[in-house]
Amino acid sequence: MFDLVAAVLAHVACGALGGTLALLLAAPVRLATSFGAILGVIVVSIAVAGPLGVLAGPGGVADALGASPANTITAGLAAASGITLLQAAALAYETRRLARWRAEPRPTLGSRLSRDPSVGPQACYY
């Protein structure tokens, strides 16, 4: 029973991080770039799982899940899953901020010239 709960906990934590990565990369980039970036994050997470332990994201969750004895949920697995969920929440927050920043209207060069009273009409000719 606890093996199933541990697997669900690990799956939810890693899925949340993967979902926020997908939201971050879905709109502004091409599909191949998005897929490559997500795979890159997973590979880096696995590579740093040894030195960082539970702080490594999905790699830390997988490492803690593999190290836990059968039919138990260890503190390491709970900590790794919690940290991965916190990483996903921070990434989702920054994704939302980035989406708002992208949606803000940006002034163009022509609009700046037309609003500046010190610039005469001769400045509009290039």
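Read-outs throughout are calculated quantities, based only on the coordinates presented, and are distinct from any laboratory measurement. Since the structure is predicted, the reported quantities are computational estimates derived from the model, not experimental observations. Glycine gets a Cβ as well: all are built from the backbone with ideal geometry, and neighbour counts include every protein chain shown.
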Exercise. Pop the C-beta distance of Leu55 and Ala103 into the FRET formula with R0 = 35 Å and round what comes out to the nearest 0.05.
Key: 0.60
Self-check item: Sum of side-chain charges, Ala78 neighbourhood, beta-carbon under 15 Å (Lys, Arg +1; Asp, Glu -1)
Solution: -2
Exercise. Given the peptides 1-9, 96-104, arrange them by the average over their residues of other C-beta atoms within 10 Å, most packed first.
Key: 1-9, 96-104
